[in-house]
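Take a look at the structure set out below.
The values are calculated or read from the model by the stated rules, or taken from the named source; none is laboratory data. Since we're looking at a predicted model, the values are computed, not measured. Here the Cβ positions follow ideal geometry from the backbone for every residue, glycine too, while neighbour counts run over all protein chains shown. Accessible surface areas use protein heavy atoms only, side chains included; no ligands, DNA or RNA. Shrake-Rupley method; radii C 1.70, N 1.55, O 1.52, S 1.80 Å.
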Amino acid sequence: MAGLRRILHSLWISLFFLCLSSTAEDSVTQWPLHNDGYNKVVEWDHYSFQIDTQRIFVFSGEFHYWRIPVPDLWRDILEKVKAAGFTAFSFYSNWAYHAPNNETLDFSTGAHDITPLFELAKELGLYIIVRPGPYINAETTAGGFPLWLTTGDYGSLRNNDTRYTNAWKPYFTEMSKITSRYQVTDGENAICYQIENEYGDQWISTTDKTPNETAISYMELLEENARQNGIRIPLTSNDPNMNSHSWGSDFSNEGGNVDIAGVDSYPSCWTCDLSVCDSTNGAYVAYQVVDYYDYFQDYQPTLPEFMPEFQGGSYNPWGGPEGGCPDDTGADFANLFYRWNIGQRVTAMSLYMIFGGTNWGGIAAPVTASSYDYSSPISEDRSIGSKYYETKLLALFTRSAKDLTMTDLIGNGTQYTDNSAVRAYELRNPSTNAGFYATFHVNTSSGTNEAFHLKVDTSAGSLTVPSHGGVLRLNGHQSKIVVTDFTFGSAKLLYSTAEVLTFSILDGVPTLALWVPTGESGEFNIHGAKKGSIKSCQGCSKVKFIKEHGGLTATFTQSYGMSVLEIDGIRVLLLDRTYAYEFWAPALTTILVQGPYLVRGASLSGSKLAVTGDIVNSTTLEIFAPKAVKSVTWNGKEISTRQTEYGSLKGSLSSSKSITLPKLTSWKSKDSLPERFADYDDSGIAWVDADHMTTLNPRTPTTLPVLYADEYGFHNGIRLWRGYFNGSASAVNLNVQGGTAFGWTAWLNGEHLGSFYGNDSAEQASLTLPFTNVTVHTTKSNVLLVVHDDTGHDETTGALNPRGILDATLTDSTGFTHWRLAGTAGGESNLDPVRGVYNEDGLYGERVGWHLPGYKESSWTSVKGSALSVSGATVGFFRTTVSLDLPSDHDISISFVLGTPSSSALTYRAQLFVNGYQYGRFNPYIGNQVEFPVPPGVLDYSGENTIAVAVWAQSKEGGSISVDWKVNYAAGSSLNTRQINEASLRPVWTEKRLKYV
Ligand code: GAL
């Protein structure tokens, strides 16, 4: 097996260095550290990244600022990332979001200004992996390509075609320039810069290494551009699988190589529609892990095992279960798979996603619905739960286990255990001799409860642990990492069967936090210790101390809560899972905190300790701090604390306020589809002639003119086509394409002809609609109105698939005389630079700005009853305003809840607008999503809010929708969401909108 060969190889390497030098310490420094030739601050070898001479475990998570367009909330996300123990975060920038047209680049308006991300990273102490594309995938429309790029005028994209090169250059240059101001080489926090995304195209044939010159030239253009514009940190790549072997210099010296090539992996598939999970990893088997170690040894032996994307959840397809699929990628997944990577010797990984956010407006590609919750550790509504906490258990460990950044895989298998269902991977630091034994079921798909003992090598010799009557357990889809010779401050654990959570040195003495699930036993030995005592026994029983192995062994059985032992002055905290979940080690201080739902940060100034965080329920707060601390504030308010006999400070925090939202009433409505009538005047500036008789799009039109919407500058969501014809006709055949879950409806001279309601697999639909029940004029022009939406452009090579009418044919007619088209008001002119390119579709109401705050709807019809209803097949627009006066000092999260009253038709499509932001696409005929989180900043918690809903009834039965809202959580918090009310994020209606009738 390649694995064994590699293990021997690494042993050989270790021996080689031992022979070369006298001490193990020397040996490791002789391994060549590499750098990119531009700086020596970021270096790497096969063990890890090293920054400023310090090896680091890069535990990162991805989040997309453009999926939460309120810059003040980026702090919330990043504080949560930091609090969980991560050392870094990564982000894709989205070219389309910044480039409404080929002449404009916006990196300054509202959330388009990304500099706060870099500034926050510095303030909070998180490294950044910048991923500028220009192609990003990300389940975003056209994979992040601006939609003006999808017409064919720029070629087939992702190659060295000059038309494409000239298009990406301004954006990529700007991203490089911005990033160049925030590099770790200058004391800032960006540590690497990813070129392209999953562009595993270096080879025409990997087997005989036939280079793909076009792809190589494209990569070289991007790399040159990055370097020319100031990027001095390493360039990286993310191979989509372990077969494409692209851009890594260990594999070949062909052109286009980056400095550090990485591999992405989604072992549980990337979508919660598991039926499609069979391509990259073979058929889906729950909890089946993938071997990475051999791959890295074989193909990237001089690089750290770097996973620029490792599964953090999975996206929710149209028709998929609401809230994603947490069962497949929940807390157990996090526990098992992230530990698995450690066993595989991975020292740099970024969870995709740490926070998914929302596919608001037209951001999504057709594969995913409105929610991009992604079952991430931080949910779309910004709440945290078991998955976040479970991830935190491991992230805090990796942050404190410095020795983990330099290990060799010594061996793996069941020979380490006395249970043939359990195996271990033994990692050892060649410099310190610290050992890490990552234990797993032999078949990781199995979730049985297995008891075992583990054979470990320690500085006190080989031991089988636990050795005093207890057992180690893997109960369910779980893994445990057993440490040996683990240093914490001046002390050392000879071994511990309870997992290390973290430690801190307070007044020169370590406090060590260990955790083990309730009901299980734990055993650890502190090297050199002599005496132990129980200081508090809330969650322990059967505590015994045994002098052996030149130190003191403690054994215990964990009950509920936290117990405190003192061993030669060292404080050891024993926590169950629940207490460990609520245990915090705020970085940049030494304090440890148990109790709150979230601790965001802490700062110490003399005798004053200031802690910030969130409380949902009344909580006891326990703080382990230096003795000098005499007073404690929580979110700025002093709290009374008492000192426990083992030196911690205890206080209590009261629960958050309960919030009741006002009812959403007083709706007004107006018809929003005047375009269906033959006498509607479409000569205004909102409309263009759809008159192209040729196209560069690779799909050859079967009827003319070309009715591809992007050709005419209308890229987002709903478009309206008016086709004119004279004289008689008996039917029309329309073939419309809009991506999975799209729909369309046609009217002739104001009368409803028919609809395609959509489903979760059809991207295109052709219908022949007879004119039997409608009036065809013979003495004046007939007008056919086709309204269709799209669910975004396809990703990768599908980006150019047109959106619009592919074929339009009249039966028994001389054909259409001409077509007019309307879409987003102003087309590419970027009428609303704040909310940006994805926000608006082309409905009449949107074009004239009925979705915006400040429009006066007083002349509209008042809605009676609670549901918002339209009769017949048309589009209705509804508006109401509602004032909020929510408490300060709270983080409050709100979702809208949309529904269809019973016995009403499901054949409608609705858009939800909150203060002008399109924050939900509700397709009850297709999808299951009924809850739509809307962040503060989009909502104003201390002022008036405009809520608008467009209902496009696709059938004669009309459409009826109920609109409500609810509080997801209210936490007493240092994040004061009432203050996130920057009015500039919510520009108001102006009269200039009226031109777009
Ligand atoms: C990866 C890709 C990401 C995202 C992910 C699935 O292959 O790089 O952008 O699409 O799959 O969520």
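What full-extension length gain, to one decimal in nm, is calculated for Thr104 and Thr660 as 0.36 nm per residue of separation minus the Cα-Cα distance?
Full extension from Thr104 to Thr660 adds 195.8 nm.
Can you tell me how segment 406-583 classifies by the Cα gyration tensor, rounded, prolate or oblate, using a/c under 1.5 as the rounded cut?
Cα axes put segment 406-583 in the oblate bin.
So how do Val688, Val988 rank on accessible area, 1.4 Å probe, biggest first, that is with the largest at the start?
Val988, Val688
Rounded to a whole number, what % of the accessible area of the chain do carbon and sulfur atoms account for, probe 1.4 Å?
49
Could you report the accessible area of Trp687 in Å², rounded to 10, computed with a 1.4 Å probe on the protein chains as they sit in the structure?
Using a 1.4 Å probe on the heavy atoms, I get roughly 10 Å².
If the label point is 7 Å along Cα→Cβ of Arg699, which residues in segment 797-821 have backbone nitrogen under 13 Å from it?
Answer for segment 797-821: 798-808.
Given a 1.4 angstrom probe, what's the average accessible area per residue across the chain, in square angstrom?
So the chain comes to 33 Å² accessible per residue, rounded to a whole number.
Before anything else, pin down the relative contact order of segment 842-996: Cα pairs under 8 Å, at least 6 apart, normalised by residue count, whole percent.
39
Leaving out same-chain residues fewer than 8 places away, which lysines sit with a Cα under 19 Å from that of Lys995?
Hits, sequence-local ones excluded: Lys670, Lys856.
Identify, among Tyr646, Pro234, Ala762, the residue whose Cα sits farthest towards the positive end of the charge dipole of the chain, taking +1 on the Cβ of Lys and Arg and -1 on the Cβ of Asp and Glu, with the dipole about the Cα centre.
Tyr646
Describe numerically, in nm with one decimal, the distance between label points set 7 Å from Cα along Cα→Cβ at Asn159 and at Thr644.
Label-label distance for Asn159 and Thr644, simple model: 6.6 nm.
Please give the Cα centre distance for segment 478-522 versus segment 221-260, rounded to the nearest Å.
39
For a 21 Å ceiling on Cα separation, which of these pairs sit above it: Lys492/Lys542; Lys392/Lys966; Lys492/Lys544?
Beyond 21 Å between Cα atoms: Lys492/Lys542; Lys392/Lys966.
Please give the length that would be gained between His468 and Thr518 if that part of the chain were fully extended, namely 0.36 nm times their separation in residues minus their C-alpha to C-alpha distance (nm, one decimal).
Taking His468 through Thr518 to full extension adds about 16.1 nm, to one decimal.
Given DSSP loops and a limit of at most 16 other Cβ atoms within 10 Å, what is the longest stretch of the chain that contains no such trypsin sites (Lys or Arg not before Pro)?
Free of exposed loop sites, the longest segment is 210-529.
Work out, step by step, the length gained on full extension between Ser858 and Glu548: first 0.36 nm times the residue separation, then minus their alpha carbon distance; give nm to one decimal.
Length gained, Ser858 through Glu548: 103.2 nm.
Quick one: work out the % antiparallel among DSSP beta bridges in segment 167-291, nearest 5.
About 20 percent, rounded to the nearest 5.
How far is it, in nm, from the label point at Ser490 to the one at Leu588 when both lie 7 Å from their Cα along the line to the Cβ?
Spacing of the two 7 Å Cα→Cβ label points: 2.9 nm.
Taking the Cα centre of the chain as origin, sum charge times position over the Cβ atoms of Lys and Arg (+1) and Asp and Glu (-1), and report the length of that vector in debye to the nearest 20.
2800
What number, in percent, do you get for the relative contact order of the chain if the mean sequence gap of Cα pairs under 8 Å and at least 6 apart is divided by its residue count?
So the answer I get is 10 percent.
So if R0 is 56 Å, what FRET efficiency would Ser533 and Val285 give, r being the distance between their Cβ atoms, rounded to the nearest 0.05?
Plugging the Cβ-Cβ distance into 1/(1 + (r/R0)^6) gives 0.70.
Restricting attention to segment 601-656, which GluC sites (Glu not before Pro) occupy a DSSP loop and are surrounded by at most 12 other Cβ atoms within 10 Å?
Filter output for segment 601-656: Glu645.
Do the sum for the chain: with -39,500 (n - 2.57) for every DSSP H run of n ≥ 4, divided by all residues, what is the mean residue ellipticity at 222 nm, to the nearest 500 deg cm²/dmol?
It comes out at -4000 deg cm²/dmol, rounded to the nearest 500.
Sticking with the crude label model, points 7 Å out along Cα→Cβ, report the distance from Lys637 to Val882 in nm, one decimal please.
So the label points at Lys637 and Val882 sit 2.7 nm apart.
Would you mind calculating the relative contact order of segment 606-684 from Cα pairs under 8 angstrom and at least 6 residues apart, reporting the percent as a whole number?
Result for segment 606-684 is 29 percent.
Could you tell me the calculated FRET efficiency between Ser607 and Asn166, based on Cβ-Cβ distance and R0 = 51 angstrom, to the nearest 0.05?
It comes to 0.25.
Tell me, how many Å apart are the Cα centres for segment 140-164 and for segment 662-702?
Centre-to-centre (Cα) distance: 25 Å.
Going by alpha carbons, how many degrees (0 to 90, nearest 10) lie between the helix axis of 71-83 and the longest principal axis of the chain?
Helix 71-83 sits roughly 30 degrees off the main axis of the chain.
As I understand it, the dipole of the chain uses +1 on the Cβ of Lys and Arg and -1 on the Cβ of Asp and Glu, about the Cα centre. Which of Ala451, Tyr295, Ser960 lies farthest toward its positive end?
After comparing all options, I get Ala451.
Within 10 Å of each candidate Cβ there may be at most 13 other Cβ atoms; applying that plus a DSSP loop requirement, which GluC sites (Glu not before Pro) in segment 253-348 survive?
Glu322
In the structure shown, do any of Lys82/Lys650; Lys402/Lys657; Lys387/Lys531 have a Cα-Cα gap over 32 Å, and if so which?
Too far apart for the 32 Å limit: Lys402/Lys657; Lys387/Lys531.
Using only Cα atoms, find the angle between the long axis of helix 213-228 and the longest principal axis of the chain, and express it within 0 to 90 degrees, rounded to the nearest 10.
It works out to around 70 degrees.
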